[in-house]
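Structure first, then comments.
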Amino acid sequence: MTIRWYPGHMGKALEQIEELIRRIDVVIEVLDARLPFSSSNHKLAALRHNKPWIKVLNKHDLADPTVTKAWVRDYQLQTGVRALPLTAKKHADTKPLIKLCKDLVPKRGRPGFPIRAMVVGIPNVGKSTLINTLAGRCIAKVGDRPAVTTCPQQIDLRNGIVLSDTPGMLWPDMTDQEGAYRLAASGAIGDNALDYTSVGLFAGDYLLRRYPDLLKVRYGLQELPESPHDLMMVVGRRRGLLAAGGVVDLHRSAEAFLRELRAGKIGRISLEEPAIGA
């Protein structure tokens, strides 16, 4: 199945960001730590204009910590780029982000000359959650419904930093179907745009190859199933997801498997490594 998600809007959003970025000091790009490459909009790099760029690896508590460290090293080899793993809903996790902004823009951050930071990110990576946590109150709406904001929203954090929420909406590159399937597996794509069975089999194949021991522990297995389909059958039987005649309901089994993956119940899992995006 080809995944198609929220066509349109991106061109207008990029135009708005290009205009706004000229007036800001630092860009904060929010990514999903489990799939930083696929959860980015790669057209943003062309708009950077050598501005300091912070890659926030959100949901790092769900990601494989070894892989996250590799992503941090990979990003920080890029000139003017810093990477920071965090969990956006945790206030304590965001304190290093404030410090990093001040370190990258040392000439601003005082009364009358605040650091002007812009927050960007595709839907469902946690951009709004991060803004709300930084602000200490609900300012940005959290959700996955598409919308286009005609004007940037400015939020004074009262600590020497003024945030600009991104105007418009950005979308990932759906021509990269492997990336699209990773996004779907992570929960970033709306249910109406994916087929649970196909995405569950995709994720199952990846975990069988990359995290076999986590699967054994989670599902009480002595031996690994030979295929993703067999894995879904195991999940279905373990969870009692049976159709008429005692046959495993493949759709419900894949849906349950993805729910457990997304919630971190299988373990801390990264869906791609830096070499994939190289």
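What do you reckon, is Arg108 open to solvent by 30 Å² or more (accessible area, probe 1.4 Å) and over 20 Å from Ile122 (Cα atoms)? Taking the combined requirement at face value, the residue satisfies it.
Against the criterion of being of a type in the set (D, E, K, R), open to solvent by 10 Å² or more (accessible area, probe 1.4 Å) and without any contact (Cβ under 8 Å) to a residue 40 or more places away in the chain, Arg34 does not qualify. Only one of (1) closer than 21 Å to Gln153 by Cβ; (2) without any contact (Cβ under 8 Å) to a residue 60 or more places away in the chain fails for Ile21. Which number is that? All conditions pass for Ile21, except number (2). Just one residue in the set Ala63, Ala45 is closer than 24 Å to Met174 by Cα and free of Cβ contacts under 8 Å to residues at least 12 places away in the same chain; that residue is Ala45. The requirement of being closer than 24 Å to Pro123 by Cβ, assigned to a loop (DSSP other than H, G, I, E, B) and among the hydroxyl-bearing types (Ser, Thr, Tyr) is not satisfied by Ser198. Filtering segment 239-250 to residues that are in a helix (DSSP H, G or I), of a type outside the set (A, V, I, L, M) and surrounded by fewer than 16 Cβ atoms within 10 Å (Cβ to Cβ) leaves Gly245, Gly246.
Any residue in segment 239-260 that is among the hydrophobic types (A, V, I, L, M, F, W, C) sitting within a Cβ distance under 8 Å of a residue that is assigned to a loop (DSSP other than H, G, I, E, B)? List the pairs, counting only those 6 or more apart or interchain. Within 8 Å, the pairs are Leu241/Asp249; Leu242/Asp249; Ala243/Asp249; Val248/Leu241; Ala256/Leu241; Leu258/Gly187.
The values are calculated or read from the model by the stated rules, or taken from the named source; none is laboratory data. All of these numbers come straight from a predicted model, not from anything done at the bench. Cβ: placed from backbone, ideal geometry, glycine included. Neighbour counts: every protein chain shown. Ligands, DNA and RNA are excluded from the accessible area calculation, which covers all protein heavy atoms including side chains. Shrake-Rupley method; radii C 1.70, N 1.55, O 1.52, S 1.80 Å.
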